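Here the structure comes first, spelled out in structure tokens, and everything after it is commentary.
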Amino acid sequence: MNRKIAVIKGDGIGPEIVTQALKVLDRVAERYGHTFYKTEVLMGGCSIDAYGEPLTQETLSVCEDSHAVLMGSIGGNTTTSPWYQLPSHLRPEAGLLSLRKNLGLFANLRPCVLYPQLRAACTLREDISSKGFDMLIMRELTGGLYFGERRTEAVDGVMTAVDTLKYDENEIRRIGIKAFEVAMKRRKKVTSVDKANVLDSSRLWRKVMNELAAEYPEVTLEHALVDSTAMQLVKDPAQFDVMVTENMFGDILSDEAAMVTGSIGMLPSASLAEGKFGLYEPSGGSAPDIAGKDLANPIAAILSAAMMLRYSFDMMEEADAVERAVAQVLDEGYRTGDIMSEGCTQVGCDRMGSLIAERI
Ligand code: IPM
Ligand code: MN
């Protein structure tokens, strides 16, 4: 099969981890007889440096013309980097938000899995971590608080800022359908997270989720409030299978869920549009403090490439092979610094990528 991939290496550790993911994809292509045409484009801080804006029309066009986008990470240190002296629409993050909106990437899938090999890295008490957990956060990505009307202005001489949280029922339904569909392929449980005791948008969200539940009788739907969910995530993460939620709630809860796995460098993500198109990136950030030192963990980027094979290219066997190779390398005791524990062998980013590629 031939597939076109737009590659955005981005900033910080982005270039080094994406290089490892590409190494793994080259190996998949060779092993399974595929051809991946890769086009590298800039987005984020590196694009600001080169073109004065975080997302150019050229980058957007290359992405639109591809079957999928593989991304590293964007942004820098928000207190020291000159990018954060720019007006907000010219900062690195604005490029990512605009890319999500323009490509219609409304469904963000963030799997949070506690790898049995990495249980020691888990920040939770042993009696909780020993149960393990494997959940998927389905975050709405092109609406809600991130994309509602906003402004800052003086009202009667007092500086006032407004952000709005708006959803229509169609936006809620399409993300709900994605959540129920993946739940059917997993443990058939959906937890819809909202703030229905306060917000109108949440009450509409709940109503639409209830309507959808009637169409998926095999799936158990449960509603939970976002504050209580933040608590449950550290108390008993094993109770969750698929969690579906508003953009901002999902941003916060997915970082929390990632952290309790103890290894944000392990967690991939997929941002899907209607149809097969998607953008794949690690859940973690650009980690400018360790950039260029061969210290970063490339596994999240490699597992993001596996999600691309699975969700955009329907290459299930190939995706399984990548995930198996990752598990095998962990079983053999290889670790990057972030997940290192006693008795294991510490390796750098490049070596970790090679070890995984060799096992496919
Ligand atoms: C994420 C990031 C982004 C977000 C930033 C970089 C705009 O935190 O992907 O979770 O808030 O969505
Ligand atoms: Mn985030």
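The values are calculated or read from the model by the stated rules, or taken from the named source; none is laboratory data. A quick note: this is a predicted structure, and the numbers were derived from the prediction, not measured. Don't worry about glycine lacking a Cβ; one is built from the backbone with ideal geometry, like all the others, and counts go over all protein chains shown. The protein model used for the area step is the full one, side chains on, heavy atoms only, and it has no ligands, DNA or RNA in it. Shrake-Rupley method; radii C 1.70, N 1.55, O 1.52, S 1.80 Å.
Select, from 285, 333, 275, the only residue that is assigned by TED's automatic domain parsing to the domain that holds residue 1, within 13 Å of ligand 2 (Cβ to nearest atom) and small (Gly, Ala, Ser).
On the way: 333 fails: within 13 Å of ligand 2 (Cβ to nearest atom); 275 fails: within 13 Å of ligand 2 (Cβ to nearest atom).
Every option except 285 fails the conditions.
Every residue, every condition in (1) in a loop (DSSP other than H, G, I, E, B); (2) open to solvent by 20 Å² or more (accessible area, probe 1.4 Å), yes or no:
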| residue | (1), (2) |
| --- | --- |
| 119 | no, yes |
| 123 | yes, yes |
| 145 | no, yes |
| 152 | no, yes |
| 161 | no, yes |
| 180 | no, no |
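On the basis of being under 21 Å from the mean Cα position of the chain (by Cα) and modelled with pLDDT under 95, does residue 314 make the cut?
no
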* Structure fact -> Residue count, the stretch 194-221, condition open to solvent by 20 Å² or more (accessible area, probe 1.4 Å) and in a loop (DSSP other than H, G, I, E, B), comes to 7
* Filtered residues of the stretch 55-103 (kept if within 27 Å of residue 137 (Cα to Cα) and surrounded by fewer than 16 Cβ atoms within 10 Å (Cβ to Cβ)) -> 64, 77, 78, 101, 102
* To do: Output the residue which, of all residues in the stretch 230-272 that are within 22 Å of residue 100 (Cβ to Cβ) and in a loop (DSSP other than H, G, I, E, B), is farthest from ligand 2 (Cβ to nearest atom).
  => 246
* **the stretch 333-354, residues that are more than 16 Å from residue 24 (Cα to Cα), surrounded by 15 or more Cβ atoms within 10 Å (Cβ to Cβ) and among the charged types (D, E, K, R)** => 335, 338
* To do: Taking only the stretch 250-273 into account, find how many residues are more than 11 Å from ligand 1 (Cβ to nearest atom) and at pLDDT 95 or above.
  => 4
